[in-house]
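Please read the structure below before turning to the comments.
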Amino acid sequence: MASSKRRQPSLAQLRAFAAVAEHLHFRDAAAAIGMSQPALSGAVSALEEALGVTLLERTTRKVLLSPAGERLAVRAKAVLDEVGALLEEAEAVRAPFTGTLRLGVIPTVAPYLLPAVLRLVHEKYPDLDLQVHEEQTSSLLDGLAAGRLDLLLLAVPLGVPGVTELPLFDEDFVLVTPLDHWLGGREGIPREALRELRLLLLDEGHCLRDQALDICREAGRADAPVTTTAAGLSTLVQLVAGGLGVTLLPRTALAVETSRSSQLLTGFFEDPAPTRRIALAMRTGAARGAEYEELAGALREAVHSLPVRVL
């Protein structure tokens, strides 16, 4: 009986081993879970002793998983995931809309929707500790899968297994041009006009860039070489004001971004205009799924004043 108890691994040991298995580097693993490197090394050694197997092959240059380590790393992660789900379930049962909610938001949504989100949480859910993380879509999805984030606010569809989308609204794209552009200020612009325009885009990795290229392809334009890009919408709009080309902006970003320059005009496409859909996204079967669905409903009400079509 005593021997059996001695061989029970602790959660701290499992977390240490899972971090090393992910990073294959003691320093990086220790930093990732907020543990000192000696403590992490000791925890992994204690786990090896408790299990009676060698999990790591240590050399002076790198760390490798042993065959047993590769098999048990999968089990360790599954155990930690289940413990995290248990704690999340307990928190949800104890009191809805309390505790921490880690919300991930894409950069082309955050500046324009966060005021409504923060006001809603402050007024309706004052006991909720909202933590916001602005990242690109791929990073947000990785964070959701790993449990680093709880809920995402981003453009859909995602088409990712294990992720449930809670649609909020659709919004049109508009064409932003310099003052002297022949399409500036026009309404009823045919999509085919995009075939001949010098379109400025965000850097690779932004979903808005991919959406703009999709709109161009739907208009019959093959991908053209992109010579000028921007890291954010503010820079992109300033490049347009400087006469370097035109760009596509979602309607929610229009008032904020175009108000910074008097050298811009906006043009509106004929119906049906190109659109994007914004949604909340959560892990399928999330313990707090009912809360997230209620939050989605509250957000739909909160954005009625924006130039969007609420779903």
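Laboratory data are not the source of any read-out in this text; all were calculated from the coordinates shown. These numbers were taken from a predicted model, which means no experiment stands behind them. We place every Cβ from the backbone using ideal geometry, glycine too, and count neighbours over all the protein chains shown.
Okay, here's what the table says:
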quantity: Label point distance in nm, residue 119-residue 86, each placed 7 Å from Cα along Cα→Cβ; calculated: 4.3 nm
quantity: Exposure proxy ranking, count of Cβ atoms within 10 Å, fewest first, for 97, 169, 17; calculated: 97, 169, 17
quantity: Cα convex hull of the chain - mean projected area over all directions, nm²; calculated: 20.7 nm²
quantity: Per-residue [θ]222 nm for the chain (sum of -39500 (n - 2.57) over DSSP H runs n ≥ 4, rounded to 500); calculated: -14000 deg cm²/dmol
quantity: Within a Gaussian network of the chain (alpha carbon springs, distance under 10 Å), most fluctuating of 88, 192, 70; calculated: 70
quantity: Most mobile of 247, 229, 108 in a GNM of the chain (Cα contacts under 10 Å); calculated: 229
quantity: Rounded Å value of the spacing that divides the Cα centres of the stretch 61-89 and the stretch 206-249; calculated: 42 Å
quantity: Footprinting exposure proxy for 33, 278 (fewest neighbouring C-beta atoms within 10 Å first); calculated: 33, 278
quantity: Tensor-based shape of the stretch 107-161 (alpha-carbon gyration tensor, a/c under 1.5 rounded, otherwise prolate or oblate); calculated: prolate
quantity: Where labels lie 7 Å past Cα in the beta-carbon direction, separation of residue 131 and residue 217 in nm; calculated: 3.7 nm
quantity: Selected from 209, 58, 276 as most flexible by GNM, with the chain as the system and alpha-carbon contacts under 10 Å; calculated: 58
quantity: Spin-label pair residue 39/residue 301, simplified geometry with 7 Å Cα→Cβ offset, distance in nm; calculated: 4.4 nm
